[in-house]
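What follows is a short report on a single structure.
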Amino acid sequence: MSDAHLHLWEDRFLYATHAIASGLTARASGTVLLAPPGRTFTLVSGAGERVQASAAWVPPLVARRLDASRWGLLSLNIDPAAHHHRLLADRLGSRAIRVLAPQILAPLAQACEGALHGQLDAAELQALCDGALRRIAGTAPPPPGYTPALDPRVRRVAAAIRRDPQASPLTTLAEIAGLSADRLTHLFREQAGLSVTRYALWAKIRRAIQQMREGAPLTQVALAGGFSDSAHMSRTFQSCFGLAPSFLSDPRRVQLSVDDAATRAWPA
């Protein structure tokens, strides 16, 4: 039986593991971390602030060390150009780790336990993620005049990058958006919380993870994803997740599943 489970959807992925500890990492996705019922994990920010929590929101590119080596955890990673990501970032903040009150997610405790042990089917996992996002987003009021919908120009650019993160220079993406390159750069960062370049790198990572399901050699996965070689991909994965691609691609260690919508949105 695999030590961990990784489930990919179009706009998010869920990593469930019985034990994980990492050095300093940072990634482009916003991340919701959930401990098993009645348990906690430890986060240390890049500035050295230490927190212990049963649930936490970590915004994009916020560095942290993680210790969930004793009880394990669920890590829900949300695409920066997704509706739910914008909602959480605007309500919970986009610059610092935020500890979430345990009672917010208490009704989902049984489902969290089931996800951790690989006992939920695809529909149940989707319902767990949707329920967690609804409950977390409801803990803080939206800013005045706020709308969670991404600007359609940003959506078009993000979709183009997802189709091929290495084939669209900024000038071409600006044409897709109908904006100048400078205006697109500003609007994308304002809406998604990171630069177009950072999102393109995230798209390479995301596509590489999805291609691991096919069992191709990691060198082939790296080159197809736009990395210069497998060593480049490995360094990137270590800095983002604290895990090597060889670990994530090993079915003896990680059981990987990909939703049909994810396959369409992130074509190989």
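Observations
- Using a Förster distance of 22 Å, the FRET efficiency for His117-Ala137 (Cβ separation, nearest 0.05): 0.25
- Label separation (Ala167 vs Glu190): 3.0 nm, computed from points 7 Å beyond Cα along the C-beta direction.
- In Å, descending, principal axis extents of the Cα set of the range 152-207: 27, 21, 17
- Total charge dipole magnitude, the range 4-137, about the Cα centre, Cβ charges on Lys, Arg, Asp, Glu only, Debye to nearest 20: 520 debye
- Simple spin-label estimate for Asp250 and Glu124 in nanometres, 7 Å along Cα-Cβ: 2.8 nm
- Whether the range 4-110 is rounded, prolate or oblate, judged on the alpha carbon gyration tensor where a/c under 1.5 counts as rounded: rounded
- Gain on full extension, evaluated as 0.36 nm per residue between Ala63 and Arg235 minus their Cα-Cα distance, stands at 60.3 nm.
- When the chain is reduced to its Cα atoms, the Kirkwood hydrodynamic radius in Å: 18.8 Å
- Ordering Phe247, Phe13 by the number of other Cβ atoms within 10 Å of each residue's own Cβ, fewest first, gives Phe247, Phe13.
- Tensor-based shape of the range 152-265 (alpha-carbon gyration tensor, a/c under 1.5 rounded, otherwise prolate or oblate): prolate
- Charge dipole of the chain about the Cα centre (unit charges at C-beta), most positive-ward option of Pro59, Asn77, Met233: Pro59
- Antiparallel bridge percentage (DSSP; both residues within the chain; nearest 5): 85 percent
- Cα-centred dipole magnitude for the range 169-221, charges only on beta-carbon of K, R (+1) and D, E (-1), debye, nearest 20: 200 debye
- The range 89-138 versus the range 11-69: alpha-carbon centroid distance in Å: 13 Å
- GNM remark for the chain: springs join alpha carbons under 10 Å apart, and the peak mean-square fluctuation among Ala56, Ala181, Ala200 falls on Ala181.
- The simple spin-label model puts a point 7 Å past each Cα toward its Cβ; for Thr42 and Gln220 those points are separated by 4.3 nm.
- Charge dipole (debye, nearest 20) of the chain; +1 at Cβ of Lys and Arg, -1 at Cβ of Asp and Glu: 540 debye
- Within a Gaussian network of the chain (alpha carbon springs, distance under 10 Å), most fluctuating of Trp202, Trp71, Trp57: Trp71
None of the figures in this text is laboratory data; all of them are computed from the coordinates on show. As the structure is a prediction and not an experimental result, all values here were calculated from the model. Glycine also receives a Cβ, built like all others from the backbone with ideal geometry; neighbour counts cover every protein chain displayed.
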